[in-house]
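All remarks here apply to the structure that follows.
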Amino acid sequence: MIRPHRSQPLWYAFILHRLSGIGLALFLPLHFYLLGLALGDSADFDAALQWTEQPLVKAAEFGLVFLLSVHLFGGLRLLVLEFFAWTAAQKTLAAAAAGLSFFVACGFLLRAI
Amino acid sequence: MREEIGKIQVQVRRGGPDDGRLVDYEVPLLASQTVLDVVTWIQRNLEPALSYRFACRVGMCGSCAMTVNGRPRWTCRSHVTDVMKDGRIRIEPLRNLPVIKDLACDLSGFFDKWQRAEGAFVPTQTRKDSLAPIAPQEPARQAASAGIECINCAVCYAACDAVEQNPEYLGPAALNRAWTLVNDARDGGNRARLQAVTGPGGCQSCHSQQGCTSHCPNALNPTRSIAGLKQAAARAWLRGEL
Ligand code: SF4
Ligand code: SF4
Ligand code: FES
């Protein structure tokens, strides 16, 4: 997939944005299922919450928050690119979006553990 | 005759539209040799029937672009020593264009899109009028100047994944041309032009990956031009003109 004409930072920014979108879309049904549990059977919901206390699930949640913020900041990056005056620092913007996402996800993980 | 300083193992795509195959050649490596020199050497010494295109050999005409080791380039301005990997070069026709034979592509679809993007100047004055005064520092003039040095080589078009996925997409070069005209104070065709470059296959199909910008040998920035079109289209839409 990473053919020679694609090996440039802004293509990586693009593919990260796409993959984060797909990842989030896959997660949403699970998210709604858990929310549904909260409305219905509270014992099941408590069990589900217990389950999320496992370290592996915590790590997965880190990934999830990372995906969410990558998608958010990546989207903001595109809006800046397309609707603001052009800036030469496109690669810096992409790096900032990824860095900020990592920061947010780490912050979440630190709070969670 | 320049002195031979080694050998290059060259693979060239040969054959018609449907029977493409890579053929191996060994070519003498010379100082300051370009990829176009290599193709010409093969045609003169090994394969007289090899088809390819070039004209100026100095980066002016835009006819010699090919895919070299997977990337679109002007072959006349690419030095072998810069693109060679482990003594090897693979030379193929440009991507996203139908092959006619060997390294020669059919560019008519590419140029048709320049027409579809309303890439022709629409005059508002006659030869009897005086010259339009346009100050060099005007923002519109500067935006036009930034995109005007395009030589229609289709390197950006071959680098664009949006063209690959959507053959209707007008592509970076035609849209860049449309943007230079949108910024031309003498031109009267902008309403039709903005309509032509929006909608299916228009500027909104651009994913802003900037493959075009990272490959344009003239260091133009079609992505910036397309972003300009997107903004102009959004404004025209708000005014009810689209
Ligand atoms: S924008 Fe650059 S790469 Fe594209 S056709 Fe023009 S000169 Fe070639
Ligand atoms: S920025 Fe737009 S026009 Fe340029 S390569 Fe990407 S999709 Fe194509
Ligand atoms: S031969 Fe004219 S641009 Fe290469």
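3J(HN,Hα) along the range B:19-32, derived from phi through the Karplus expression 6.51 cos²θ - 1.76 cosθ + 1.60 where θ = phi - 60°, amounts to 10, x, 8, 8, 10, 8, 9, 10, 10, x, 8, 10, 5, 6 Hz, with x in place of Gly and Pro.
Could you sort B:19-32, B:186-199 so that the peptide with the highest average Cβ count within 10 Å comes first and the rest follow in order?
Taking the mean over residues of other Cβ atoms within 10 Å, the ranking is B:186-199, B:19-32.
This model, with +1 at the C-beta of Lys and Arg and -1 at the C-beta of Asp and Glu, gives the protein assembly as shown a dipole about its Cα centre of some 980 debye. Starting from the Cα gyration tensor of the protein assembly as shown, take the square roots of the eigenvalues, sort them a ≥ b ≥ c, and report rounded, prolate or oblate (rounded when a/c is under 1.5, otherwise prolate if a/b is larger than b/c, else oblate). Oblate, since a/c reaches 1.5 and b/c is not below a/b. Can you return the lysines within cross-link range of A:K91? Criterion is Cα-Cα under 22 Å, with same-chain partners fewer than 8 residues away left out. Candidates past the 8-residue exclusion: B:K230.
Computed over chain A with a Gaussian network model linking Cα atoms closer than 10 Å, the most mobile of A:L68, A:L93, A:L56 is A:L56. Counts of other chain beta carbons within 10 angstrom of each beta carbon in peptide B:207-216 average 5. Our summary of shape: the Cα atoms of the range B:14-79 have principal axis extents of 31, 25, 21 Å, ordered from largest down, in whole angstrom. Within a straight-line Cα-Cα reach of under 18 Å, B:K85 can be paired with the following lysines, leaving aside sequence neighbours fewer than 8 residues apart in one chain: B:K7.
Of the residues A:P29, A:L79, A:F108, the one whose Cα sits farthest toward the positive end of the charge dipole of chain A, with +1 on the Cβ of Lys and Arg and -1 on the Cβ of Asp and Glu, is A:L79.
Take each residue in A:1-13, count the other chain C-beta atoms within 10 Å of its C-beta, and the mean is 5. Selection among B:S205, B:T180, B:C153 by position relative to the dipole of the range B:108-238 gives B:T180 as farthest towards the positive end (Cβ unit charges, Cα centre). Along the positive direction of the dipole of the range B:4-105 (beta-carbon charges: Lys, Arg +1; Asp, Glu -1; about the Cα centre), which of B:L50, B:V35, B:I8 reaches farthest? So the residue we want is B:V35. Placing +1 on the Cβ of every Lys and Arg and -1 on the Cβ of every Asp and Glu, with nothing else charged, gives the range A:9-112 a dipole about its Cα centre of roughly 540 debye. Counting every pair of alpha carbons in chain B, the share spaced more than 29 Å apart comes to 37 percent. When chain B is treated as a GNM with alpha-carbon contacts under 10 Å, the residue of B:K230, B:K101, B:K128 showing the greatest mean-square fluctuation is B:K128.
Within a Cβ distance under 12 Å of B:N152, other residues only, what is the Lys/Arg minus Asp/Glu net charge?
Cβ neighbours under 12 Å give a net charge of +1.
Any read-out appearing in this document is the output of simple, stated calculations on the displayed coordinates, not a laboratory observation. Just so it is clear, the model here is predicted, and its values are computed rather than measured. Backbone-built Cβ (ideal geometry, glycine too); neighbour counts: all protein chains shown.
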